[in-house]
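Novice: Submitted below is the structure of interest, expressed as structure tokens.
The values are calculated or read from the model by the stated rules, or taken from the named source; none is laboratory data. Quick caveat, the model's predicted, so the values are computed rather than measured. When we count neighbours, we look across all protein chains shown, and the Cβ atoms used for this are built from the backbone with ideal geometry, even at glycine.
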Amino acid sequence: MDSPLPAEAAFDVAAIKQSLTDHLLYSVGKDPLFATSRDWYLAAAFSLRDRLISAWVRTMRSYYDNDVKRVYYLSMEFLVGRALTNSMINLGLYDAFREATESLGYDFDELQSWEVEPALGNGGLGRLAACLIDSMATLGLPGFGYGIRYEFGMFTQHVERGWQVESPENWLRYGNPWEFQRPGVIYPVRFGGRVVRYRDGEGRWNSQWVDSEEVMAMAYDVPVPGFGGKTVNNLRLWAAKSTREFNLKYFNQGNYIESVRDKNESENLSKVLYPSDSTARGKELRFRQEYFFVCASLQDIIARFRKTHSNFDLLPDHVAIQMNDTHPAMAVAELMRVLLDDHHYDWERAWTITVKTCGYTNHTLLPEALETWPVDLFERLLPRHLDIIYEINQRFLNDVRHRWPGEMDLLRRMSLVDEDGTRRIRMAHLAVVGSHSVNGVAEIHTDLMKSTIFADFDRFQPGKISCKTNGITPRRWLLSANRPLAALITEEIGDGWVTRLEELQALAPLAEDAEFRERFAQAKRTNKQRLAQVIEQRLGVPVDTDSLFDVMVKRMHEYKRQLLNVLHVVTRYNRIRANPTAFAVPRTVIVGGKAAPGYFMAKLILKLINDVADVVNNDPLTSSRLKVVFVPNYNVSTAELIIPGANLSQQISTAGTEASGTGNMKLALNGALTIGTWDGANVEICEEVGEENMFLFGLTAQEVARVHRDGWDSAAAIAANPELAQVLDMIGSGYFSPDQPDRFRPIVDSLTLGGDHYLLSADYPAYIATQERVDQLYVDADAWTRKAILNVARMGKFSSDRTVAEYGEEIWNVGS
Ligand SMILES: *Cc1c(COP(=O)(O)O)cnc(C)c1O
């Protein structure tokens, strides 16, 4: 292409200042005399955006000119967090912008607090997608995100009288300066109808999907700047729009109101994100959302491919599609449909192309989270895809039968169709069969995939399943979120760590340097003070910044065991009360996380935390040594505030249930010590930082499996531990809920009568004993800081740059 590139916007403070005032006037439309700090935030966002665009255009042109292989990351969720500070840092403009806004008389931190974060995800899965696209851009890889532009993202959580209350997050209310609407990039997505079979001119049978209804998918583009500002990739989010013809039908009948109502209904498709994490609830709208974004993304990917190529056999050389969990697994059937029906490829060729193009990342082994869709839903909404899935299944099971004749039970287990009860399509099986590569997100999770849910598949195609341990972007989670620590590190070892996190190793010897330890501890203190201020402002609870900040922030879920944390808090409370004059290490227990709105138990545990907090914080015998705070509305911005201030990171899921976790990585990288189980990436963090620098405890995944096989007598375990029995008795009899003594009965019952599925009673003694070791170490501030430094120094492996490089080499076949 020879058209000129846009002029480079200037990066110096004077130019930025000019740009700020220009945008305030010409883009926001405000007189500086009356402008609010939100107006100035918008002006700053537009000024920064100007400075992204030339690199964005340049990046896209170079991909086109070099005909590079592109990676398409398909994800229902992208939990990207605020963009302003991150983009400034990645473009190297942070200081210049700060100076420019401050010279105009505005507080920079206040400006950025006006940005509403796009909460287009539930938790870990969406946040991983965000870290991976940051790393792809930083590594200069041609990586494109595809997702949904939900009008309402994750709900906002309020806490009222201790209960979670949800309210819709209208994040687009004030407009979104980071997106570009592309009214011209719009594709039809079809649902319903029927399949007709016909013979073509050469007498071959073909299928055509007809009489379907249509929704349009319109693109919105969000630039994704890599660190250093050279590469700016693209995140394309789809919004549902009604088709014109659709409305016309009613309109022509003279029913204008009906036509507008109809328009609303089709636009409902991208209205709201499903707020459940690690559970798959079979709702038709969700099914439609999944196909909607897969179908639009594939049309876009194929249109781009066809600009420069006509032979689909070359598709896998130019396109890698990564499916983030099974939500986009329909891509396998959709790509087949396009190749078979629209381009008349024969089955074998189409299948070879599809499998070579697709990769699948598994995120969970929990049975309740494995997606299956009823066959009748497919019949009604995607009849052609159902045909294709049946044929994929038939051919696949033939291969299996050929290899292992007569194994009926094996065929039943491996089938893409679950024939028990109402017939359902197993989306994970579709994804595994339709991909050339399947990966887990931590070593232990990958091993468990191979030995449990995908054991038959691993035996059938050894080597297809591999591990790509998750990572986090050091830009957002250290450089930006923890400026005091980042500055200290850079002063000592230079700033290479920002893109080569393993360079943090150079900090290890400094653990023995008393002066460095003091400066490291000072950075932690600064972060704790900032956090304490916010806690006092938002919750009215004063906290002691010398106390140990004990942090558990993540989605509320029984498998993550926030309840085990509560059992420790109450145990501690009882111990202090029983012995008020004995020394107890002061602790501030900080908890945050959202519960799925329909998840009764998670919401009740959240209420319990708040009720316990009420009692503990107001008891004069304990309040100076134990505080409990529940920080509402845990999201990326709150995470950026809390994590740098943590001393202790709680990662206490039942072994074998947390696929990887990334919260564990963020906290360790910010100098918190981990108390955790042998689960997910905790195991690999331990390999890196050393068992002596962590507090690991409890049953291993193998032991958990054995206990589940043999049965667990929780009543006996509780009876054998008088402290635990007392804690449960207090919770169950209304000690923390005098206004409703039986409120927490279901929680206690789940442990006593319900079999204690997550084995809290099994891990409780080890957990309490390990918490005692935590206290002992905290008393020795020097020893604690030494270990915290070694944690930071040895976290290099957990950069998402490493994760992306592995995907690039081993799955996508793209190099940087
Ligand atoms: C990192 C992160 C998560 C994931 O936390 P885990 O402890 O790994 O479950 C969830 N939500 C937000 C906002 C995050 O930043």
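Novice: If you go through region 528-556 one residue at a time, how many are away from the ligand (no atom under 16 Å from the Cβ) and either in contact with a Pro (Cβ under 9 Å, 6 or more places away or on another chain) or small (Gly, Ala, Ser) (or both)?
Specialist: Total meeting the criteria: 12.
Novice: Specify which of the listed residues (Val683, Val748) is surrounded by 17 or more Cβ atoms within 10 Å (Cβ to Cβ), of a type in the set (Val, Ile, Thr) and farther than 27 Å from Met449 by Cβ.
Specialist: Val748
Novice: Could I ask something else about it? Checking Thr581 against (1) buried (at least 16 other Cβ atoms within 10 Å of the Cβ); (2) not in a helix (DSSP H, G or I), only one condition comes out false. Which one?
Specialist: Against the list (1) buried (at least 16 other Cβ atoms within 10 Å of the Cβ); (2) not in a helix (DSSP H, G or I), Thr581 comes up short only on (1).
Novice: Give me the residue from region 78-117 that is within 30 Å of Glu806 (Cβ to Cβ) and touching a Leu at 6+ places or on another chain (Cβ under 8 Å) and, out of that set, surrounded by the most Cβ atoms within 10 Å (Cβ to Cβ).
Specialist: Among those that are within 30 Å of Glu806 (Cβ to Cβ) and touching a Leu at 6+ places or on another chain (Cβ under 8 Å), it is Phe78.
Novice: While we're looking at this one, here's another question. Could you tell me whether Lys560 is crowded, with 23+ Cβ neighbours inside 10 Å, within 16 Å of the ligand (Cβ to nearest atom), charged (D, E, K, R) and under 33 Å from the mean Cα position of the chain (by Cα)?
Specialist: yes
Novice: Test Ile590 against the stated conditions and say whether it is among the aliphatic types (A, V, I, L, M), within 16 Å of the ligand (Cβ to nearest atom) and at pLDDT 95 or above.
Specialist: Considered against the rule, which asks whether it is among the aliphatic types (A, V, I, L, M), within 16 Å of the ligand (Cβ to nearest atom) and at pLDDT 95 or above, Ile590 comes out as yes.
Novice: Could you please let me know if Arg459 is more than 24 Å from the chain's Cα centre (by Cα) and basic (Lys, Arg)?
Specialist: yes
Novice: Now for a different question. Only one of these is at pLDDT below 95 and over 30 Å from Leu273 (Cα atoms): Thr545, Thr581. Name it.
Specialist: None of the other options fit; the residue is Thr581.
Novice: Something else about it: Give the residue that is surrounded by the most Cβ atoms within 10 Å (Cβ to Cβ), with candidates limited to residues of region 43-77 that are over 27 Å from Lys307 (Cα atoms) and among the acidic types (Asp, Glu).
Specialist: Here the answer is Glu77.
Novice: Within the set of pairs 6 or more residues apart or between chains, which connect a residue that is of a type in the set (Ser, Thr, Tyr) inside region 730-742 to a residue that is surrounded by 15 or more Cβ atoms within 10 Å (Cβ to Cβ) and in a helix (DSSP H, G or I) with Cβ atoms less than 7 Å apart?
Specialist: Ser737/Asp611
Novice: Going through region 389-399 one residue at a time, which ones are buried (at least 18 other Cβ atoms within 10 Å of the Cβ) and either over 23 Å from Val355 (Cβ atoms) or touching a strand residue (DSSP E or B) at 6+ places or on another chain (Cβ under 9 Å) (or both)?
Specialist: The answer is Ile389, Asn393.
Novice: Now for a separate question. Failed condition for Ile605, given (1) under 30 Å from Trp171 (Cβ atoms); (2) hydrophobic (A, V, I, L, M, F, W, C); (3) within 11 Å of the ligand (Cβ to nearest atom), with all others met?
Specialist: (3)
Novice: So the check is Cβ under 7 Å with 6+ separation or different chains; which pairs have a first residue in region 454-473 that's over 30 Å from Asn670 (Cα atoms) and a second one that's away from the ligand (no atom under 16 Å from the Cβ) and part of a loop (DSSP other than H, G, I, E, B)?
Specialist: Short answer, once both residue conditions are applied: Ile465/Phe454.
Novice: For region 755-776, give me each residue that is outside any loop (DSSP other than H, G, I, E, B), among the aliphatic types (A, V, I, L, M) and either touching a helix residue (DSSP H, G or I) at 6+ places or on another chain (Cβ under 7 Å) or closer than 20 Å to Phe583 by Cα (or both).
Specialist: Within region 755-776, Leu760, Ala762, Ile768, Ala769, Val774 qualify.
Novice: Which of the residues that make up region 406-422 are touching a strand residue (DSSP E or B) at 6+ places or on another chain (Cβ under 6 Å) and at pLDDT below 95?
Specialist: If the condition is that a residue be touching a strand residue (DSSP E or B) at 6+ places or on another chain (Cβ under 6 Å) and at pLDDT below 95, then Thr422 is the only one that fits.
Novice: Restricting the first residue to region 637-651 and requiring it to be more than 14 Å from Ser480 (Cβ to Cβ) and part of a helix (DSSP H, G or I), which pairs with a second residue that is basic (Lys, Arg) and more than 12 Å from the ligand (Cβ to nearest atom) meet a Cβ separation below 7 Å and a spacing of at least six or different chains?
Specialist: Listed by first residue and then by second, the contacts come to Gly645/Lys528; Gly645/Arg530.
Novice: Let me ask something additional. Hey, which of the helices (runs of 4 or more DSSP H) in region 234-329, taking only ones fully inside, have at least 2 residues that are of a type in the set (S, T, N, Q) and either over 20 Å from Val185 (Cβ atoms) or modelled with pLDDT of 85 or more (or both)?
Specialist: 244-252, 256-267, 284-308
Novice: Quick check on my filter: what residues within region 64-117 are among the small types (Gly, Ala, Ser) and either away from the ligand (no atom under 16 Å from the Cβ) or in a helix (DSSP H, G or I) (or both)?
Specialist: Ser87, Gly92, Ala96, Ala100, Ser103, Gly105, Ser113
Novice: Hey, does region 667-679 have a residue that's of a type in the set (Phe, Trp, Tyr), at pLDDT 95 or above, more than 11 Å from the ligand (Cβ to nearest atom) and outside any loop (DSSP other than H, G, I, E, B)?
Specialist: Taking every residue of region 667-679 in turn, none turns out to be of a type in the set (Phe, Trp, Tyr), at pLDDT 95 or above, more than 11 Å from the ligand (Cβ to nearest atom) and outside any loop (DSSP other than H, G, I, E, B).
Novice: Still on this model: Restricting to region 205-224, give me the number of residues that are more than 17 Å from Glu290 (Cα to Cα), in a strand (DSSP E or B) and not hydroxyl-bearing (Ser, Thr, Tyr).
Specialist: 9
Novice: Within region 586-618, how many residues turn out to be assigned to a loop (DSSP other than H, G, I, E, B), surrounded by fewer than 22 Cβ atoms within 10 Å (Cβ to Cβ) and in contact with a Phe, Trp or Tyr (Cβ under 6 Å, 6 or more places away or on another chain)?
Specialist: Going through region 586-618 one residue at a time, the tally reaches 0.
Novice: Would you be able to tell me the number of residues in region 569-584 that are under 34 Å from the mean Cα position of the chain (by Cα) and either closer than 27 Å to Val636 by Cα or β-branched (Val, Ile, Thr) (or both)?
Specialist: Number of matching residues: 3.
Novice: When Asn122 is evaluated against the numbered criteria (1) in contact with an Asp or Glu (Cβ under 6 Å, 6 or more places away or on another chain); (2) touching a residue at least 60 places away in the same chain (Cβ under 8 Å); (3) in a helix (DSSP H, G or I), which criterion, by number, is the only one it fails?
Specialist: (3)
Novice: If you don't mind, another one. If Ala130 satisfies all but one of (1) under 30 Å from Arg475 (Cβ atoms); (2) of a type outside the set (Ser, Thr, Tyr); (3) more than 16 Å from the ligand (Cβ to nearest atom); (4) at pLDDT 95 or above, what's the number of the condition it fails?
Specialist: (3)
Novice: If I filter region 368-385 down to residues being free of Cβ contacts under 8 Å to residues at least 60 places away in the same chain and touching a strand residue (DSSP E or B) at 6+ places or on another chain (Cβ under 8 Å), which single residue comes out as surrounded by the most Cβ atoms within 10 Å (Cβ to Cβ)?
Specialist: Checked region 368-385; the qualifying residue surrounded by the most Cβ atoms within 10 Å (Cβ to Cβ) is Phe378.
Novice: I need the helices (runs of 4 or more DSSP H) fully contained in region 365-439, keeping only those with at least 2 residues that are of a type in the set (Phe, Trp, Tyr).
Specialist: Filter on region 365-439 gives 383-403.
Novice: Another question, if that's okay. Would you please name the residue that is farthest from the chain's Cα centre (by Cα), looking only at residues in region 464-518 that are under 30 Å from Val432 (Cβ atoms) and part of a loop (DSSP other than H, G, I, E, B)?
Specialist: So the residue we want is Lys464.
Novice: Check region 716-736 and report whether any residue there is of a type outside the set (Asp, Glu), touching a Lys or Arg at 6+ places or on another chain (Cβ under 9 Å), closer than 30 Å to Ala788 by Cα and away from the ligand (no atom under 16 Å from the Cβ).
Specialist: No; the residues of region 716-736 include none that is of a type outside the set (Asp, Glu), touching a Lys or Arg at 6+ places or on another chain (Cβ under 9 Å), closer than 30 Å to Ala788 by Cα and away from the ligand (no atom under 16 Å from the Cβ).
Novice: Give me a count of the residues in region 623-661 that are within 22 Å of Asp763 (Cβ to Cβ), within 13 Å of the ligand (Cβ to nearest atom) and among the polar types (S, T, N, Q).
Specialist: So the count comes out to 6.
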